[in-house]
Amino acid sequence: MRRVALDGPLIVGGGLAGLSAALECAPRKALLITPAPLLDACSSAWAQGGMAAALAEADSPALHAADTVAAGGGLVDGAAARALTDRGAETVAWLAGLGAPFDRDAHGRFAVSREAAHAVARVARVGGDGAGRAILSALVVAARAAEHLDIWEDARLLALIRADSGRVVGAVVERGGRRVEILAPAVVLATGGIGGLYAVTTTPAALKGEGLAIAQAAGADILDPEFVQFHPTALDIGRDPAPLATEALRGEGARLVDRDGGFLLGADAEADLAPRDQVARAVHRAVTEGRGAFLDTRRAIGDRVARDFPALFAAAMSAGIDPRVSPLPVAPAAHYHMGGIAADTDGRTSVAGLFAVGECAATGVHGANRLASNSLLEAAAFGRRAGRVAATEVAAANGPRLAPHIGAELTAAALAQLRQGMSRWAGVERDASGLGRLIDLIDRLDADAPGAPALAAARMVAEAALERRESRGGHARSDFPDTNSEARHTRLTGAPLPAIPKKTAA
């Protein structure tokens with residue numbers, strides 16, 4: 001196996017979190033690896049709504065933090081939320097300085113829109129619904145020009161390497177069909193979410209939670225894996241992944257209705273701006289009851305939809321639906337994972353030498369239900385922090401290293417079975433019977449592909465969902481519809497270090 005030794009951090013993942021971390025490592029040398037070309041196969045590039053930040057005169061970081069805590073179902077870490085929102089304006093300014101073309105008003109100020117569960121308009125957008133790709137494009141340009149940064153756009157993470165002390169000291173990756181051992185003083189995981197575990201998702205299908213499984217196999221703790229956010233308005237047009245109808249449409253007055261025109265959440269003008277978990281359940285029930293669910297933009301937005309929301313307009317028209325004339329069919333889709341690798345606001349995990357940022361991390365800012373458009377802010381703000389801290393890590397002294405755990409690969413047919421099972425039994429609404437069937441399916445698939453990271457990630461979601469006998473935030477149990485009086489986290493401990501054989505006397 002080829003071996004590469006780095007003087008600085010290894011960053012795994014080329015989305016907004018990974019690139020932000022990589023840029024902030026300077027002047028320390030760093031290597032960023034991603035299995036696909038930058039801008040491909042990462043959720044950051046697909047984000048439509050924008051970046052939440054206290055930019056308006058009527059707003060403040062404290063109010064933003066309060067909205068974040070209120071949306072999170074009792075599981076948001078208030079200090080982490082404030083650490084995030086305090087950096088909102090400076091993060092937007094940093095990205096704008098790198099060339100991110102945020103929309104501006106007539107006075108040159110950042111234009112902001114309102115999304116669900118935000119008390120005020122605070123979501124900075126780009127081109128109406130093109131924020132993610134535009135922001136990420138600016139970072140890609142900066143990363144390619146950075147002298148301290150090397151980039152491999154054809155390398156896939158297989159395992160983490162640990163010293164016998166338990167510290168992560170590198171990774172095994174696959175590049176060009178060959179395995180490469182990379183030794184580094186720090187590894188930053190920015191591997192994205194788990195949307196690809198679901199048959200109906202708005203995220204790239206390549207994101208299957210493998211970073212979570214690989215981190216846990218290396219000893220890292222996992223926090224709240226059962227909490228999956230389902231975006232209530234994915235276009236129901238038979239595409240995989242499903243095109244997204246950004247929440248900003250409802251922020252501008254678009255309404256959710258059934259096929260008879262009845263409001264799904266009530267006639268009140270604010271009803272459709274409830275937290276995402278509530279809206280997703282209303283849409284899910286309308287679909288399963290046969291009433292259908294539709295997003296009607298005609299009255300509130302009208303002909304402006306083509307100019308102000310070009311991504312949504314193009315997707316709808318490609319399916320033969322003109323939103324200026326007809327309501328858009330929608331359904332909930334797996335969109336964001338609130339759970340992940342337990343990490344602090346600097347990205348530190350429970351394992352020395354290992355950092356996690358972005359959607360693969362659980363820093364405490366999202367709780368049981370992510371506040372809309374906080375994810376891009378978290379990826380950039382905490383990604384920057386993690387990059388700075390990881391760049392100060394010193395390489396571990398040479399010594400014994402544990403054999404890395406490398407799981408099997410799922411076949412395409414097995415992955416399809418898993419995705420169908422996850423959508424059916426670990427979707428918007430769950431119960432013990434369905435979750436038990438899902439775990440049985442995972443067991444059967446694991447017999448043919450032992451230790452496959454995608455299966456390990458799916459098992460975390462299913463088993464934690466089965467154990468959480470309540471409904472809270474994005475986790476809804478039809479057999480346990482009430483919310484417990486005490487909010488408790490789920491914490492899965494990482495794999496222990498293998499026992500060291502004792503020496504026997506001669």
Place a +1 charge on the Cβ of each Lys and Arg in the chain and a -1 charge on the Cβ of each Asp and Glu, then give the dipole magnitude about the Cα centre in debye, rounded to the nearest 20. 980
Give the peptides 161-169, 436-444 in descending order of average Cβ contacts within 10 Å, highest first. 161-169, 436-444
Suppose every K and R has +1 on its Cβ and every D and E has -1 on its Cβ; what is the size of the dipole of region 232-374 about the Cα centre, in Debye to the nearest 20? 160
Model label zone, Arg299; criterion: amide N under 18 Å from point 7 Å along Cα-to-beta-carbon; scope region 251-279: 251-274
When only alpha-carbon atoms are used, what values of Rg and Dmax, in angstrom, describe region 303-436? 21.1, 68
Give the dimensionless ratio obtained when the Cα radius of gyration of region 407-484 is divided by 2.2 N^0.38 Å. 1.11
Could you give me the percent of Cα pairs per 20 Å distance bin for the chain, shortest bin first, beginning at zero and ending with the bin that holds the maximum distance? 25, 58, 17, 1, 0
With the charge dipole of region 65-144 built from beta-carbon charges (+1 for Lys and Arg, -1 for Asp and Glu) about the Cα centre, the Cα from Ala71, Val140, Ala106 projecting farthest to the positive end belongs to Val140
What is the distance in Å between the Cα centres of region 15-33 and region 370-429? 16
For region 135-236, the Kirkwood Rh over every pair of distinct alpha carbons, in Å, works out to 16.1
Provide the per-residue ³J(HN,Hα) series for region 407-417, in order, calculated from phi with Karplus coefficients 6.51, -1.76, 1.60 and θ = phi - 60°, each as a whole number of Hz, with x at glycine and proline positions. x, 6, 9, 7, 6, 4, 5, 5, 4, 4, 4
Cα-only radius of gyration and Dmax that characterise region 244-369, units Å: 18.1, 57
Which whole-angstrom value gives the distance between the alpha carbon centres of region 61-107 and region 121-191? 23
For region 93-140, what are Rg and Dmax over the alpha carbons, in angstrom? 11.1, 33
For region 379-485, the charge dipole (Cβ of Lys, Arg +1; Cβ of Asp, Glu -1; about the Cα centre) points to a positive end, and the Cα of Ile406, Ala386, Leu435 closest to that extreme belongs to Ala386
Grab the DSSP H runs of the chain that are 4 residues or longer, score each as -39,500 (n - 2.57), total them, divide by all residues and round the 222 nm result to the nearest 500 deg cm²/dmol. -9000 deg cm²/dmol
Amide H contacts under 5 Å for Val330, restricted to residues at least 5 apart in sequence or on another chain and with H modeled in the peptide plane, are Asp236, Ala293, Phe294, Leu295
Ranking Ile222, Thr191, Ala248 by how far each Cα lies towards the positive end of the charge dipole of region 140-267 (+1 on Lys and Arg Cβ, -1 on Asp and Glu Cβ), the top one is Thr191
About the Cα centre of region 407-484, how large is the charge dipole given +1 on each Lys and Arg Cβ and -1 on each Asp and Glu Cβ? Please answer in debye to the nearest 20. 180
Taking the highest mean first, how do the peptides 186-198, 252-264, 132-144, 63-75 order by number of other beta carbon atoms within 10 angstrom per residue? 186-198, 63-75, 132-144, 252-264
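We did not get these values from a lab; they are worked out from the coordinates using the rules stated. Model, not experiment: these values are computed from the prediction. Ideal geometry is used to build each Cβ from the backbone, glycine not excepted, and the neighbour counts take in all protein chains shown.
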